[in-house]
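The values are calculated or read from the model by the stated rules, or taken from the named source; none is laboratory data. Note that this is a predicted model, so its numbers are computed, not measured. FYI the Cβ positions are ideal-geometry reconstructions off the backbone, even for glycines, and counts take in every protein chain you see. We work out accessible area using only protein heavy atoms, side chains counted, and drop any ligands, DNA or RNA first. Shrake-Rupley method; radii C 1.70, N 1.55, O 1.52, S 1.80 Å.
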Amino acid sequence: MQALPEYFDVTAEVAQALATGAPVVALESTIVSHGMPYPENVETALSVERIIRDGGAIPATIAVIGGRVKVGLNEDELERLGRASDVLKLSRADLPHAIAAGRDGATTVAATMLLADGAGVRIFATGGIGGVHRGAERTFDISADLYELARTPVTVVCAGAKALLDIPATLEMLETLGVPAIVYRSGEFPAFWSRESGLPSPLRFDSAQDIARFVQTQRTLGLSSGTLVANPIDSADEIPREEMEPCIAAAAAEAQDAGIRGKALTPWLLERIDRLTSGRSLTANVALIKSNGRLAAEIAAFLSNTV
Ligand code: PSU
Ligand code: MN
């Protein structure tokens, strides 16, 4: 591997795993700082790390702390990101500023993919990806996550796209950008809190090994795009689509009236939906990210056997 820039801090544990080809799973930090309230955010981050370890892989949570790119965070650093209110939300475009100005920043799916790839981590677990927002034909609000998936060879394990997005348009964009969208053990693309979206799975695989084989083949073909793996939330944890829809519609309408735009929109909607569902959406969010950590560790283990 090429030497990393001076401002990268890869923990000894992650560095050793990468050097020996042991499985590593990257985790994002925007879900900690902007996606969930304290203390559930830090508790969830720690338990996902534990689940990844139990699955035989090393977790590498990624963030920028004091201008340094951290690949692997300790508990104090997670706590710092989880409590502070002045943590920047970093996508691809924001990284140079956070590093140059010595700031704290949490990485979105896009920035986490970029930095994971830089450090040599190929698998990444999160909750949901950003996508095409409802009304994007007017606002042009399409997450940089989709463009990152098009150009960075990291496999992102998520629970689909949040139903607050325009899911059909998000799937169309993924297809246009050449990003494979695999659904694990379901014929339907999942909608984050719900198992169903009404849209068929572009690709379906029923084992982590088959997903690892796909990713390995994509690599040997020389394709430099990422892969999206959508792991539907367990039935026991889901909130059915019909129940979520009125909350999503209400939150989206309020956001529009309040003029919430840009980076602030996704965190604002998540918080509002959490309140409108009396915390049920947060409980589902915690359950699905744990399940994604488990599947990502399994895929990483198969992949590390192939290299
Ligand atoms: N899914 C969640 N919580 C989150 C996010 C996704 O359950 O906080 C974050 C991810 O970091 C994702 C980002 O990359 O929202 C997308 O933001 P935007 O729509 O502004 O690109
Ligand atoms: Mn946006």
List the number of the failed condition for residue 267; all other conditions in (1) modelled with pLDDT of 95 or more; (2) within 16 Å of ligand 1 (Cβ to nearest atom) hold. (1)
Inside segment 112-131, can you point out the residues that are assigned to a loop (DSSP other than H, G, I, E, B), open to solvent by 10 Å² or more (accessible area, probe 1.4 Å) and away from ligand 2 (no atom under 16 Å from the Cβ)? 120, 122
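For segment 132-141, what are the residues that are polar (S, T, N, Q) and in a loop (DSSP other than H, G, I, E, B)?
To start, the set of residues in segment 132-141 that are polar (S, T, N, Q) comprises 139.
Correct list: empty.
Table: residues versus (1) part of a loop (DSSP other than H, G, I, E, B); (2) in contact (Cβ under 8 Å) with a residue 12 or more places away in the chain; (3) touching a Lys or Arg at 6+ places or on another chain (Cβ under 9 Å).
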residue	(1), (2), (3)
174	no, yes, no
179	yes, yes, no
182	no, yes, yes
198	yes, yes, yes
204	no, yes, yes
210	no, no, no
214	no, yes, no
217	no, no, no
When (1) open to solvent by 70 Å² or more (accessible area, probe 1.4 Å); (2) within 16 Å of ligand 1 (Cβ to nearest atom) are applied to residue 37, the one that fails is (1)
Would segment 72-86 turn up any residue that is open to solvent by 40 Å² or more (accessible area, probe 1.4 Å), more than 20 Å from residue 113 (Cα to Cα) and at pLDDT below 95? yes
Of (1) over 17 Å from residue 93 (Cα atoms); (2) free of Cβ contacts under 8 Å to residues at least 12 places away in the same chain, residue 159 satisfies every one except (2)
When residues of segment 269-280 are limited to those that are within 22 Å of the chain's Cα centre (by Cα) and of a type in the set (A, V, I, L, M), the one surrounded by the most Cβ atoms within 10 Å (Cβ to Cβ): 273
Could you tell me how many of the residues in segment 142-166 are part of a strand (DSSP E or B), surrounded by fewer than 24 Cβ atoms within 10 Å (Cβ to Cβ) and of a type in the set (S, T, N, Q)? 0
Reported set for segment 93-110 where residues are open to solvent by 20 Å² or more (accessible area, probe 1.4 Å), out of contact with any Leu (no Cβ under 6 Å at 6 or more places or on another chain) and either of a type outside the set (Gly, Ala, Ser) or in a helix (DSSP H, G or I) (or both) is 93, 94, 96, 97, 99, 100, 104
Within segment 227-257, the residues that are open to solvent by 20 Å² or more (accessible area, probe 1.4 Å) and within 16 Å of ligand 2 (Cβ to nearest atom) are 252, 256
Out of the residues in segment 5-28 that are acidic (Asp, Glu) and within 19 Å of residue 300 (Cα to Cα), state the one that is least open to solvent (accessible area, probe 1.4 Å). 28
Subset of segment 258-268, residues of a type outside the set (S, T, N, Q), open to solvent by less than 60 Å² (accessible area, probe 1.4 Å) and part of a helix (DSSP H, G or I), comes to 262, 264, 265, 267
Out of (1) within 26 Å of residue 224 (Cβ to Cβ); (2) within 15 Å of ligand 1 (Cβ to nearest atom), what's the single condition that is false for residue 118? (2)
Under 7 Å by Cβ, and 6 or more places apart or on different chains, what pairs join a residue from segment 138-150 that is modelled with pLDDT of 95 or more with one that is hydroxyl-bearing (Ser, Thr, Tyr) and more than 9 Å from ligand 1 (Cβ to nearest atom)? 149/225; 150/225
Give me a count of the residues in segment 162-180 that are within 13 Å of ligand 1 (Cβ to nearest atom) and either over 24 Å from residue 52 (Cβ atoms) or modelled with pLDDT of 95 or more (or both). 6
Evaluation of residue 170 against (1) within 11 Å of ligand 2 (Cβ to nearest atom); (2) of a type outside the set (A, V, I, L, M, F, W, C); (3) open to solvent by less than 10 Å² (accessible area, probe 1.4 Å) (one fails), failing number: (1)
